[in-house]
Amino acid sequence: MAYAGYYFDPDEQTGKIKAGMDYMGWYPVISLTAETGRRSYTDTTGRTLKWRETDFSASMSLPLNFTSSRWIKGIEPMAGVSATFKNMDNDIPYEFRENQLISFTYRFYGYIQYKRSLRDLFPRWGQTLQATFRHTPFSENVSHQVGIASVTWIPGLFNHHGIRGYAAYQKSSGNLATYANVISTPRGYFGLNFAEFTVLKADYAFPIAYPDWDIPSVMFLKRISGHLFFDTATGLNSQLALQTLSSTGLELFTDWHFLGLLPEITLGVRGIYLLQQKNTEVEFLFGFSF
């Protein structure tokens, strides 16, 4: 299976181009990826560094599926290695001590979900757990990063409503510019570089309408739905003081099929209120699924 695409990386405020291939003819699964994009980092002195980063990686994973009856469940351990090449922007008067890095990643992912109906926005019940460890053992300035994240789903107040909770912890040491975050950050905040922080998120999802608006062979509007959310993160900033960043808001989603094609396209908008900054922002959302 091969894939390619362009996507927005909210953690670093950059766009990336990524291509990859998964070979499933053997067991374990072999994955190869290549990606390039821009990154930024603000250090403890307040200076901002900007550079282009290119990564080539290879990994092996063992997807074990234990699905039975109404429950979808399984585990997937993974180990991989990547080579990273960095080129600082010409207008930045600094250089990397190391422009090339070899990094190793180890990940465990486990999940259990109750099978949902077509109208359910979330699984009625479910739990996932992901633990990630990354390090650069051959670097002059050895970096480590560990991240643990869990998602929990429970039913909402009415049919097809759902509640999703997210809890995560991450700790990094060494050169913090080496790695992007492996856990999700509060919506509306970008480029967070805490050495250690925790994140809590809560979503309440609900369907609004099923208009079944159809222009044959052109487009079909399947569903309109909404999410209420609250996110918060607490971590040690560059002055080693505890800092809390929180946001709340509303997301509106529309699910489409275009030109009679199978992929479901999701278009949406997100309104965010940043509690500490007392500021409002708007983001546009895009996604697709098969």
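The numbers here are math on the coordinates, done by the rules we state, and not lab data. Because the structure is predicted, anything quoted here is derived from the model rather than measured. Note: ideal-geometry Cβ built from the backbone for every residue, glycine included; neighbour counts use all protein chains shown.
Could you state the number of Å between the C-alpha centres of segment 22-92 and segment 152-168? So the two Cα centres are separated by 28 Å. Over all directions, the projected convex hull of the C-alpha atoms in segment 23-80 averages 6.9 nm² in area. Counting only Cβ charges, +1 for Lys and Arg and -1 for Asp and Glu, the dipole size of the chain around its Cα centre is about 660 debye. Among the listed pairs 18/50; 18/115; 73/201; 171/278, those with a Cα-Cα distance over 21 Å are 18/115; 73/201; 171/278. Between the listed residues 268, 252, 69, the Cα displaced farthest toward the positive end of the dipole of the chain, a dipole computed from Cβ unit charges relative to the Cα centre, is found at 69.
Taking 20 °C and 1.002 mPa s as conditions, segment 51-177 diffuses translationally at an estimated 123 µm²/s according to Stokes-Einstein applied to its Kirkwood radius (Cα pairs). Each peptide in 133-144, 223-234 receives the mean, over its residues, of other Cβ atoms within 10 Å, and ordering these scores from highest gives 223-234, 133-144.
Listed peptides 70-77, 211-218, 199-206 appear in the order 199-206, 70-77, 211-218 once ranked by packing, highest mean of other Cβ atoms within 10 Å at the front. For 107, 38, the sequence from fewest to most other C-beta atoms within 10 Å is 38, 107. The protection proxy used here, the mean number of other Cβ atoms lying within 10 Å of each residue, ranks peptides 261-272, 88-99 as follows, highest first: 261-272, 88-99. With Rg and the Kirkwood Rh both taken from Cα atoms, where does Rg over Rh land for segment 106-218? Checking Rg against Rh, the ratio lands at 1.13. Shown is the FRET efficiency for residue 252 and residue 102, computed with R0 = 35 Å from the Cβ-Cβ distance and rounded to the nearest 0.05: 0.20.
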